[in-house]
Every structure is written in structure tokens, then in C-alpha cells.
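The next block holds one structure in the form of C-alpha cells; read it before the comments.
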């Protein structure tokens, strides 16, 4: 704001000396506050629309296998808590979830609406898809019809279908990390394969290519950067999880290459 006031004052001073400086400074402050108000209003609109579109599509996804189970409803309620939605936001999220379950729900139109609202920012779109994959995998089983709809959602967002595989690989990596040595774990080669999927590179990628992919993903998915573009604060925890998963995948590959050298 200080810069806007000074610029306005200097412009005013050029036309009317000290009196012009005061008038210009006042105009500069007014313009700054108007722009700030519009920016905040736009961010709030994006945040509200993000939540509603997320749960509307989630409702459609849960209905993909023909019926919304009690477990899936509980999963949606758990998401309300995870995203720390207040009562007003929960009411809107429930209404959106029910709208998504309705037979007349237009999934493609909803995805197009979200694309326009989000400015088609890749990290936003990936976060949107990540929520859907996390939701459908909450019960540990992904029905074929649900998987087919996840692919449709990815296409509707303009994302490659491989993004679904990437997110599923992230979930597997997170679950194996939580499982501990005593739980049924995947083989080391499976974990490494998933790590490459998470970073979106092939196993033949050079160390330099691997590092570039890692840095690009970390930059795109930085929680502060996403928040500045309108990501709801309630989604921050999931954004932080995504960056941890990316870092974990990078570490898995680095360790494997070190052992192989």
C-alpha cells in the first residue's frame, strides 16, 4: 500500500506540488484498497467454488458403482473434518455432494466450471484429482466403474490419465510408509516403480532429469504458492502431504540408485 500511496503522491506532486501530492496519495490509497478488496473477493470465490465442486464430483464418483454406501457417506463426513470446514461450509459441501449423486448431475459441465474458476492451473487441477482419488480409495477398494470415472475426471480436467496412476502410486507409497515392518509390504522394486510414477519420469531418466522433475513438482505444489492462488486453507494439509509424498519418492529413487552404483 505504501508504494501505491507514494506513486500516487509523486504523480500528484508533478501536477500540483504539495496539494497535488496529497490528492495523488489519497487516490493511490483508494485504488490500492479497491484492488485489494477485489482480489480478496476473487480468492474467496475460488475457495468456495473449489469446495463445492470437489464434493459435487465426489458425490458422482461415489455413485459410480450404482449406490452410495454408508462407508462412502462416512468418508465424505471425514473429509469435512479433515478439511476443517465450518458449519456453513459443511452445509454447502453436503448440498454439493447430494447434487453430485443426483441422476441429472452433469459431471462434464461441473469439471468445465471448475476449469474456468481455477484458471486451469495444473497444481489446482492435480489437487482436485488427488482429493477424488483419496476419497474413492478410503475403503481400500477401487471399483472398476469408479476407476473409469477417475479417468474421465482426469480427461475432463485436461490432465493425462497417467495422473490417476501417479496419485494411486502416491497413496500406495504413503500407506506402505505407515504400515511399518510388521505389515504386509510391497517389494522394493514395486516401491521404486511407484516412486518413478509419482515423479512422472521413467527409470531411464538421468539424475539431472530426475532432479528437475522433483524441483518442478515441489515448486508447483508448494502450499504457500497454492494458497496465494486461491487454494482454501482447509486444503493445506493435503497439499503438505503431497509435497511429502514427492520428497519421499525422490528419496526412494536416490537411495536405490546409490545402492546400485
In this structure, the FRET efficiency calculated for residue 147 and residue 116 from their beta-carbon separation, with R0 = 35 Å, to the nearest 0.05, is 0.85
What's the exposure ranking of 75, 218, 58, going from fewest to most Cβ atoms within 10 Å?
218, 75, 58
May I ask you to derive the FRET efficiency for residue 233 and residue 187 from their Cβ-Cβ distance with R0 = 45 Å, giving the value to the nearest 0.05?
0.70
Quickly work out the residue 254-to-residue 219 label distance, labels modelled 7 Å from Cα along the C-beta direction, and quote it in nm with one decimal.
1.8
Neighbouring Cβ atoms within 10 Å as the yardstick, rank 245, 108, 193, 165 fewest first.
108, 193, 165, 245
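Based on other C-beta atoms within 10 Å, arrange 114, 80 from fewest to most.
Numbers: 114 23, 80 19.
So the ranking, lowest neighbour count to highest, is 80, 114.
If each residue of separation counts as 0.36 nm, what is the full-extension length gain between residue 98 and residue 86 once their alpha-carbon separation is subtracted?
Contour length minus the Cα-Cα distance gives 2.5 nm.
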Stretch gain in nm, segment residue 77-residue 155, where the contour uses 0.36 nm per residue and the Cα spacing is subtracted
25.4 nm
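Throughout, read-outs are computed from the coordinates displayed, never taken from laboratory work. This structure is a prediction, so every number in the text was calculated from the model and none was measured. Every residue, glycine among them, receives a Cβ derived from its backbone with ideal geometry; neighbour counts consider all protein chains shown.
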